[in-house]
Amino acid sequence: LSESASIFVTLVAIVSLPSSTYGFAYAPNFITKIIQDGSGIAPKGLLEITPSASSDDSNDGNDDATEALTASALSEEEIVSEKERIGSRPICTRFPPEPNGYLHLGHAKAVSFNFAVARMFEGGRCNMRLDDTNPSKEGQEYVDSILEDVRWIQSGTPPFADAPVETGENAGPWYGPVHKTSDSFDLLYDCAVALIKSGDAYIESLSAEEMR
């Protein structure tokens with residue numbers, strides 16, 4: 001197959017997965033385990049991964065592998081802290097491409113991953129955020145193309161629960177309107193100033209050549 005044909009076949013495979021996985025793609029168990037431990041919400045539709053059966057002599061090894069698969073990556077203190085921080089808030093993921101080009105296969109995987117993880121948790125949602133921080137290399141053509149591709153990759157998947165109805169550019173499989181990093185520039189600037197004043201950040205004065 002040519003590269004373009006291979007990409008097309010892969011994308012079709014991603015969006016044609018069974019409804020139980022909702023475009024599952026490749027969400028690793030350890031990521032959903034971290035979210036589960038931190039939120040107290042159990043994922044649904046997670047693919048089961050178990051060690052292969054073998055002779056009695058290797059049962060200890062299988063037990064170790066099973067324990068490794070189910071062990072938490074968070075300490076007990078971190079689990080308590082995360083539960084206090086998250087509280088009853090929904091699990092939110094996001095797809096944040098920079099609109100300076102067209103989506104490629106890696107983006108398609110990221111779309112499937114972030115939307116699938118959000119759907120695994122009750123009340124979960126996935127936001128669409130354009131990381132428009134470099135206006136000189138970005139354009140509306142890329143914005144339109146990215147949003148249309150995400151709509152296509154996620155076509156046929158169920159909407160998020162209680163998602164507001166959006167129209168125009170904001171309409172899509174994501175939760176709520178399309179967000180843009182530039183919408184928060186003033187807040188980001190104020191945070192940067194506060195960090196500099198508190199001594200936790202500084203303004204780099206080296207030239208690009210000096211940095212090299």
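Open to solvent by less than 60 Å² (accessible area, probe 1.4 Å), of a type outside the set (S, T, Y), part of a helix (DSSP H, G or I) and at pLDDT 70 or above, is that true of A65?
no
Just the residues that are under 24 Å from D132 (Cα atoms), of a type outside the set (A, V, I, L, M, F, W, C) and at pLDDT 95 or above, please, taken from segment 190-210.
Within segment 190-210, D190 is the sole residue that qualifies.
I'd like the residue in segment 152-171 that is of a type in the set (G, A, S) and open to solvent by less than 40 Å² (accessible area, probe 1.4 Å) and, out of all such residues, is nearest to H104 (Cα to Cα).
By that ranking, first place goes to A171.
Please tell me if D186 is outside any loop (DSSP other than H, G, I, E, B), open to solvent by 80 Å² or more (accessible area, probe 1.4 Å) and free of Cβ contacts under 8 Å to residues at least 24 places away in the same chain.
Here the answer is yes, as D186 does meet what is asked.
From I146, I203, I196, grab the single residue that is among the β-branched types (V, I, T), in a helix (DSSP H, G or I) and either surrounded by fewer than 14 Cβ atoms within 10 Å (Cβ to Cβ) or in contact with a Ser or Thr (Cβ under 7 Å, 6 or more places away or on another chain) (or both).
Answer to the check: I196.
The values are calculated or read from the model by the stated rules, or taken from the named source; none is laboratory data. Predicted model, so just to flag it, every value in this text is computed and none were measured. With ideal geometry, Cβ positions are generated from the backbone for all residues, glycine too; neighbour counts draw on all protein chains shown. Ligands, DNA and RNA are excluded from the accessible area calculation, which covers all protein heavy atoms including side chains. Shrake-Rupley method; radii C 1.70, N 1.55, O 1.52, S 1.80 Å.
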